[in-house]
Amino acid sequence: MNRQHLQYRTKQLALRVIKMTETLPENRTSNVIARQVLRSATSVGANYRASLRAKSVADRINKLKIVEEEADETLYWLELLVEANIVPQHLLKDLMVETNEIVAMTVASIKTLRNKKHS
């Protein structure tokens, strides 16, 4: 997986979450979760992009850790939408799978960078 492909996928995640939140019902709970998931999902791509401009391997690892945390948080908010019966699971399944894949790819990148750093 090259950097450009992951950069594309993280931006697409943000765009998909933006579109999804626009379809949520207008109530207090949905509004709170929408703000949270929007913040975390848009942060994934922004921080991945920042990681590409890191000044060192350690800096890149730190920025990728933020990507990992934000993607995992995005997954949490998506799970809440399902478990609170705000959105049916089948409507968020693909988005949740994509978010999980981004977490996995980010973790793999961090491991690779740590191995290179210690070599």
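Each reported figure results from applying straightforward, stated rules to the coordinates on display, with no laboratory input. From a predicted model like this one, the values you see are computed outputs, not experimental measurements. We place every Cβ from the backbone using ideal geometry, glycine too, and count neighbours over all the protein chains shown.
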Point to revise | Rounded tilt (10° steps) of 3-22 against the dominant C-alpha axis of the chain | key: 20 degrees
Review point. Over the Cα atoms of the range 3-118, Rg to Rh with Kirkwood Rh, two decimal places?
Key: 1.03
Review point. What is the distance in Å between the Cα centres of the range 95-113 and the range 30-69?
Key: 12 Å
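Cross-link list K19/K65; K63/K93; K65/K111; K55/K116; K11/K63; K65/K93: which exceed 21 angstrom alpha carbon to alpha carbon?
Values: K19/K65 26 Å; K63/K93 27 Å; K65/K111 11 Å; K55/K116 16 Å; K11/K63 16 Å; K65/K93 24 Å.
Long pairs (Cα-Cα over 21 Å): K19/K65; K63/K93; K65/K93.
Give the calculated FRET efficiency between E26 and E79 to the nearest 0.05, with a Förster radius of 22 Å applied to their Cβ-Cβ distance. List each step's numbers first, then the result.
Values: r = 21 Å, r/R0 = 0.97.
Between E26 and E79 the formula returns 0.55.
Which trypsin sites (Lys or Arg not before Pro) in the range 46-83 pass both tests, a DSSP loop state and at most 15 other beta-carbon atoms within 10 Å? All intermediate terms of the calculation are to be shown ahead of the outcome.
Numbers: sites: R49, R53, K55, R60, K63, K65; in loops: R53, K55.
Sparse-neighbourhood loop trypsin sites (Lys or Arg not before Pro): R53, K55.
Quick one: order E22, E79, E73 by neighbouring beta-carbon count within 10 Å, fewest to most. Walk me through the intermediate numbers first.
Details: E22 9, E79 14, E73 18.
Fewest-to-most ranking of E22, E79, E73: E22, E79, E73.
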Review point. Relative to the longest principal axis of the chain, what angle (0 to 90°, nearest 10) does the C-alpha long axis of helix 89-118 take?
Key: 20 degrees
Check your understanding: Helix 28-51 versus the longest principal axis of the chain: what is the Cα-based angle in degrees, 0 to 90, to the nearest 10?
Key -> 20 degrees
Check your understanding: What is the fewest-to-most order of T74, T106, T112, T42 by other Cβ atoms lying within 10 Å of their Cβ?
Key -> T112, T42, T106, T74
Review point. Could you work out the helix-only [θ] at 222 nm for the chain, with each DSSP H run of four or more residues adding -39,500 (n - 2.57) and the total divided by the number of residues, to the nearest 500 deg cm²/dmol?
Key: -30000 deg cm²/dmol
Practice item. Determine the relative contact order of the chain: mean sequence separation of Cα pairs under 8 Å and six or more apart, normalised by residue count, in whole percent. Key: 28 percent
